[in-house]
Amino acid sequence: METVIFDGEDGTELEFGILEQTRVGGVNYLLVIDPEENDEENGSAAYILKDISEDGDEEGCYVFVEDDTEYEKSPVTVSRG
């Protein structure tokens, strides 16, 4: 699984596994999980991250999608088997 590392607000590094990438309405989104939280019985929490970086930025800038309206627009469907 491809991973991406983010700088947390408190200066710690957060590593997430990328499950899916998509673009909706000209905005890039990532569906990610915390690989350290993944276990056979309970799986892992999934998060949707929105790319808010500007054109020409050397690094991407992502924020967690917390707005229910925006979350409902996301085309990502996750099912548990």
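The values are calculated or read from the model by the stated rules, or taken from the named source; none is laboratory data. Bear in mind the structure is a predicted one, so any value in this text is a computation, not a measurement. Glycine also receives a Cβ, built like all others from the backbone with ideal geometry; neighbour counts cover every protein chain displayed. Calculation scope for accessible area: heavy atoms of the full protein, side chains included, ligands and nucleic acids excluded. Shrake-Rupley method; radii C 1.70, N 1.55, O 1.52, S 1.80 Å.
For the reader, a short list of remarks on this structure follows.
- The set of residues from the range 48-58 being of a type in the set (D, E, K, R) and open to solvent by 40 Å² or more (accessible area, probe 1.4 Å) comprises 50, 54, 55, 57, 58.
- Counting the residues of the range 4-34 that are surrounded by 10 or more Cβ atoms within 10 Å (Cβ to Cβ) and either part of a strand (DSSP E or B) or in contact (Cβ under 8 Å) with a residue 40 or more places away in the chain (or both) gives 21.
- Residue count, the range 38-47 (criterion: modelled with pLDDT of 75 or more, farther than 13 Å from residue 62 by Cα and open to solvent by 30 Å² or more (accessible area, probe 1.4 Å)): 2
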